[in-house]
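The values are calculated or read from the model by the stated rules, or taken from the named source; none is laboratory data. These figures come from a predicted structure and were not determined experimentally. Glycine also receives a Cβ, built like all others from the backbone with ideal geometry; neighbour counts cover every protein chain displayed.
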Amino acid sequence: MDVEILARLQFAFTIAFHYIYPPLSIGLGVLLVFMEGMYLKTGDKIYETMTRFWVKVFALTFAVGVATGIVMEFEFGTNWATYSRYVGDIFGSALAAEGIFAFFLESGFLAILVFGWNKVSPKIHFLSTIMVSFGSMLSAVWIVVANSWQQTPAGYHIVGEGLEARAEITDFWEMVFNPSSIDRLSHVLSGAWLAGAFLVISVSAFYIIKKRHVEISKKALKIALSLAIFASLFQLFTGHNSAQGVAETQPAKLAAFEAHFDSSAAAPLYLFGWVNEDEQEVKFGVAIPGMLSYLIYGDASRPVTGLNAFPEDERPPVNIVFQTYHLMVAIGMLLIAISLFGAFLWWRGKLFDYKWYLYALVFAVLLPQIANQIGWISAEVGRQPWIVYGLLRTSEALSKAVDANQVLFSLILFIVIYLFLFVLFIYLLNEKIQKGPEHVDETLDTYTQQKQIFSTKN
């Protein structure tokens, strides 16, 4: 097999596997802030027990996320040396900022979050929870900035020629706030909030069905559902803004999203279909005429740049981008429906009365994960053949000294190791879920003890 295909498969596999965990950490971190905030506000041991349980799940997710993420940095040097030399000044600065400002913040306060119960004051422990949550989102900021620069480069100039050419930063903040970074960051964060929210919703619904930890689970489900309602609607808004940005900065990608070829015609919005790239049409498709033109420009008759406006060697693979994009949108709309239906039942006081809905919530945990994965696929495949849009082709970014057999061997090795880590993660997560929250049985709850201890000291 071709070394480029193998290198791309290896990086796609490692990043897709790694991306299971950071969204969960980000979403769970936000929920932990709400849970412990309620605990501090009310002194209710239910919220303390709830927070302690989900802190354990967060710590497990964080650990596996770190273990699976380290490999990708080495891949830049082994398989993508030309790319690393070309963008090292820019990509490296964003990764360094992520490590210095985000990872150390998150991991430092994580020790207090996990082990600081009864050792620090309630306010300090709550501060550590906030800092861990903030650190997880700050980490996403720098990773998305680095990736967004590849999509819409800004704040740079090119020095050198040929194999010695590389991009250098001329304006750090222009690089950070490149044309796509804010839209993409808001979309990524909303997807992460949904991943964490639906994990809590799923486990809580499972406990309610099994009649275990019912009181804790009902409160946890309401907290997570509140975040899910906001995040699902916010994701619709950020997705629309992101698509408008893509229309301006990456028109070939937008055209691939909707398999739009004719630049002289208004663009429909497809609900589904199958793209025949040779015939340049969508088979078995159902579309709303002019709807894409209306969403982008506010005018249903305005033409949208089509794929025929670009040379054939500068067009992305259309069908995979079309399918992943539309499946992502469909899942997003389904998550909105599930969340709003839950809000309706909650308003009527019947949130926990329908077992079929609780079962649906148990399995809905998979939906944000699938949407996050295929969303990245549509975004990354949609900018092909460029690894840095308009500047460096993916085929030119490979290491010159690595052959196909070496990449294939490491790919097989990564698959084995990552599958082992995934099985281990699922096993440990299931162990924690089966064991459930450990109720605080002290006559005087921990919150009151801590208040008395630290008020005495002061």
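Worth pointing out:
- Residue check for Leu358: surrounded by 15 or more Cβ atoms within 10 Å (Cβ to Cβ), of a type in the set (A, V, I, L, M), in the same structural domain as Ile338 (by TED's automatic domain parsing) and modelled with pLDDT of 85 or more: yes
- Considering (1) under 24 Å from the mean Cα position of the chain (by Cα); (2) at pLDDT 90 or above; (3) not hydroxyl-bearing (Ser, Thr, Tyr), the lone condition that Ile208 does not fulfil carries the number (1).
- The stretch 398-412, subset assigned to a loop (DSSP other than H, G, I, E, B) and of a type in the set (Gly, Ala, Ser), residue surrounded by the most Cβ atoms within 10 Å (Cβ to Cβ): Ser399
- Flag for Ser139 being crowded, with 19+ Cβ neighbours inside 10 Å, farther than 18 Å from Ala96 by Cβ and out of contact with any strand residue (DSSP E or B) (no Cβ under 9 Å at 6 or more places or on another chain): no
- Scanning the stretch 139-188 for residues that are of a type in the set (S, T, N, Q) and within 15 Å of the chain's Cα centre (by Cα) returns Ser139, Asn147, Ser148, Ser181, Ser186.
Conditions (1) touching a strand residue (DSSP E or B) at 6+ places or on another chain (Cβ under 7 Å); (2) part of a loop (DSSP other than H, G, I, E, B), marked per residue:
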site: Ser264; (1), (2): yes, yes
site: Val275; (1), (2): yes, no
site: Glu279; (1), (2): no, yes
site: Phe284; (1), (2): yes, no
site: Tyr294; (1), (2): no, no
site: Asn308; (1), (2): no, no
site: Val321; (1), (2): no, no
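- Note on the stretch 167-202: residues that are assigned to a strand (DSSP E or B), of a type outside the set (Asp, Glu) and either at positive phi or surrounded by fewer than 22 Cβ atoms within 10 Å (Cβ to Cβ) (or both) amount to 1.
- Whether a residue is surrounded by fewer than 23 Cβ atoms within 10 Å (Cβ to Cβ), touching a Pro at 6+ places or on another chain (Cβ under 8 Å), in a helix (DSSP H, G or I) and not assigned by TED's automatic domain parsing to the domain that holds Arg212 was assessed, and Leu40 passes this test.
- Count - residues of the stretch 150-166 that are assigned to a helix (DSSP H, G or I) and in contact with a strand residue (DSSP E or B) (Cβ under 8 Å, 6 or more places away or on another chain): 1
- Scanning the stretch 100-121 for residues that are crowded, with 18+ Cβ neighbours inside 10 Å and modelled with pLDDT of 85 or more turns up Phe109, Leu110, Ile112, Leu113.
- Residue within the stretch 370-377 that is over 21 Å from Ala16 (Cβ atoms), buried (at least 16 other Cβ atoms within 10 Å of the Cβ), modelled with pLDDT of 90 or more and not assigned by TED's automatic domain parsing to the domain that holds Arg85 present: no
- Counted residues, the stretch 217-245 - those being among the aliphatic types (A, V, I, L, M) and at pLDDT below 90: 1
- Long-range neighbours under 8 Å by Cβ, at least six apart or interchain, first residue more than 20 Å from Glu312 (Cβ to Cβ) and without any contact (Cβ under 8 Å) to a residue 24 or more places away in the chain within the stretch 256-276, second of a type in the set (Phe, Trp, Tyr) and part of a strand (DSSP E or B): none
- Residue in the stretch 291-299 that is in contact (Cβ under 8 Å) with a residue 60 or more places away in the chain and buried (at least 20 other Cβ atoms within 10 Å of the Cβ) present: no
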